[in-house]
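The values are calculated or read from the model by the stated rules, or taken from the named source; none is laboratory data. This one's a predicted model, so the numbers in the text were calculated from it and none came from an experiment. Methodologically, a virtual Cβ is constructed for each residue, glycine included, from the backbone with ideal geometry; neighbour enumeration extends over all protein chains shown. Just so you know, the surface numbers come from the protein's heavy atoms only, side chains and all, with ligands and any DNA or RNA stripped out. Shrake-Rupley method; radii C 1.70, N 1.55, O 1.52, S 1.80 Å.
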Amino acid sequence: MNKLVLMMGGQGSGKGTMSKKLMETNKNFTYIETGAMLRALPENSPLRAMISRGEMVPDADVCKLLESKIATAPADVLLDGFPRKLTQAQWLINTFGTKFATIAVFLNIPETLMLKRIQNRITEGAGRADDADATAVRRRLDTFQRETIPAINWLRTAKNVQFLEIPIADAPIEQNYETLTNILITNKVITR
């Protein structure tokens, strides 16, 4: 059975960085980054405007975009940044829970470290356009607590889901990546 790995965590937790490093060493994953997929929508898209204000895109729109990508993936899927809400998590497991071995990976990072990393992205010129907007950043962090944490907590005990929690430290990426890969190898999600 193919795997569906959900890379979850707050802004600045390293979801994208960890996913890309994982893809470099494990080529068998189809990588789907939902944030990039949504930010790639046309400039005049109402969904793109919502994202730039730090708002959540409606479930129906996100699910529609993802369903065909996941269903047509040739092998394992690494899903970066989805689900972000309880209803999305339930849709994902109801739709794909028996078709894939689902592994939810929660990159658990303190909010103070999230804010530090977002500020570092701005300083290094690598951040998103809305990283420089303090109101949008605060809205994203509040939305994570209000919307995503309930989804993560539901996935902890959901049927047909293996849940793995990775503590993210204020340390070099290599150290956090080593922690991630050690846990993924121990739990037979990936092999070396």
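Here are the numbers:
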item: Residues (touching a Lys or Arg at 6+ places or on another chain (Cβ under 7 Å) and either crowded, with 19+ Cβ neighbours inside 10 Å or among the aliphatic types (A, V, I, L, M) (or both)) located in the range 132-162; result: Ala136, Thr148, Ala151
item: Residue among Leu155, Leu92, Leu141, Leu107 that is under 17 Å from the mean Cα position of the chain (by Cα), closer than 12 Å to Gly9 by Cα and part of a helix (DSSP H, G or I); result: Leu141
item: Flag for Asn120 being out of contact with any Leu (no Cβ under 7 Å at 6 or more places or on another chain), more than 19 Å from Asn26 (Cα to Cα) and either among the aromatic types (Phe, Trp, Tyr) or at pLDDT 90 or above (or both); result: no
item: Residues of the range 1-37 satisfying the condition of being closer than 18 Å to Leu65 by Cβ and over 13 Å from the mean Cα position of the chain (by Cα); result: Thr30
item: Positions within the range 11-55 being in contact (Cβ under 8 Å) with a residue 24 or more places away in the chain, of a type in the set (S, T, N, Q) and assigned to a loop (DSSP other than H, G, I, E, B), in sequence order; result: Gln11, Ser13, Asn26, Asn28
item: So Val5, is it crowded, with 18+ Cβ neighbours inside 10 Å, more than 21 Å from Leu184 (Cα to Cα) and among the aliphatic types (A, V, I, L, M); result: no
item: Extreme residue, modelled with the lowest pLDDT, among residues of the range 31-76 that are open to solvent by less than 60 Å² (accessible area, probe 1.4 Å) and among the small types (Gly, Ala, Ser); result: Gly54
item: Boolean, Gly12 is on the phi > 0 side of the Ramachandran plot and buried (at least 22 other Cβ atoms within 10 Å of the Cβ); result: yes
